[in-house]
Each structure stands twice: as structure tokens, then as C-alpha cells.
Amino acid sequence: MKKQAQFFKGLADETRLKILWLLMGQEELCVCDIMSVLRITQSKASRHLRYLYNLGLVTDRREGVWMNYRLSVAPDSPEDKQLKLLAELLGSRPEAQVLRDRLEQWLSAKNQPIASERAAACRCS
């Protein structure tokens, strides 16, 4: 039961829920992507990502000075089933769709050469 309690404790934070929601729709995201979309600092993003990493929900990959994260749960595991239920619940929430839209806008701008100040500031692509 301790493992499940830790899992649910991890989900009990709004920022971590938002991060998981963003990662559910992408293969991988850089810390700068999460920072921009959630409008949080690098230290806050990294702290929450490390928490999710320690729970075994995400894995990381270094690319230069940036860290990239992706979901990392075994298919059909209890965690996978719970994250699928979470995705179903969040999918109907307007604020969750706003986050996904913001992410798509950010990724689109980031992939264009100096399309905006935010894209120019991001050095992870």
C-alpha cells in the first residue's frame, strides 16, 4: 500500500498533474517546454519532474544543458491504468485543453527560426 500511497501523493499536486497531462500527449518534452506552457520557473519544473522521476512515472534524457522527459510506466501496470483514467478525466476539462493548445503553439513557435522571443530563448531544439 505504501507504493500506491506515494503514487497518489504524487498526483495530489496541481503542477505535477499538469506536467503528466502534457507528457501524455507527447513522446518527449524538454524542461523548457514545460516551463513555457505552465509559466513556471526552471527550478520549479525540475523539482516536480524529479518527484515524478523518483516515483518511476517519467524518465529523463540529457541533451546538452537541457533535460528531456517522457512518461515511463509499464503497459497494463496499475500505474498505467491509473494514468489512463486520469487522462480520461482530464480530457473533458476545458483547462486541460487550454494547456494542450498552449503546448502546441509553443512547439510550433519553437520549431521556427527565431519566430518569437520565447523560441529564441529556448536552446533545447
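Every number here is computed from the coordinates shown, using simple stated rules; none is lab data. These figures come from a predicted structure and were not determined experimentally. Backbone-built Cβ (ideal geometry, glycine too); neighbour counts: all protein chains shown.
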For this session: Work out the charge dipole of the chain with +1 on the Cβ of Lys and Arg and -1 on the Cβ of Asp and Glu about the Cα centre, then indicate which of Leu57, Leu71, Gly10 is farthest towards its positive end.
Result: Gly10
For this session: Please report, in debye to the nearest 20, how large the charge dipole of segment 2-121 is about its Cα centre when each Lys and Arg carries +1 at its beta carbon and each Asp and Glu carries -1 there.
Result: 420 debye
For this session: Could you tell me how many degrees, from 0 to 90 and to the nearest 10, lie between the Cα long axis of helix 2-11 and the main elongation axis, the longest principal axis, of the Cα atoms of the chain?
Result: 40 degrees
Exercise. Could you give the nm distance between label points at Arg62 and Leu11, where each point is 7 Å from its Cα heading toward the beta carbon?
Worked result: 3.3 nm
Problem set entry | Pairwise label distance in nanometres, Asp80 with Glu104, each label 7 Å out on the Cα-Cβ vector | 2.7 nm
Problem set entry | Selection from Val98, Ile34, Ala109 lying farthest towards where the dipole of the chain points positive, charges on Cβ | Ile34
For this session: Give me the Debye-computed log₁₀ of I(q)/I(0) at q = 0.12 Å⁻¹ for the chain, equal point scatterers on Cα only, no solvent, two decimals.
Result: -0.44
Seminar exercise, completed: In nanometres, the difference between 0.36 nm per residue of separation and the alpha-carbon distance of Arg70 and Ser92 is 5.7 nm
Exercise. Okay, which of segment 65-104 sit inside 15 Å, backbone N to the point 7 Å along the Cα-Cβ direction of Glu28?
Worked result: 65-72
Exercise. In whole percent, what relative contact order does segment 2-121 give with Cα contacts below 8 Å and a gap of six or more residues?
Worked result: 25 percent
Seminar exercise, completed: With Cα coordinates, the longest principal axis of the chain makes an angle with the long axis of helix 78-91, in degrees rounded to 10, of 60 degrees
Exercise. By per-residue mean of other Cβ atoms within 10 Å, what is the highest-first order of 46-52, 78-84?
Worked result: 46-52, 78-84
Problem set entry | segment 1-72: GluC sites (Glu not before Pro) falling in loop per DSSP and having at most 16 other Cβ within 10 Å | Glu27, Glu28
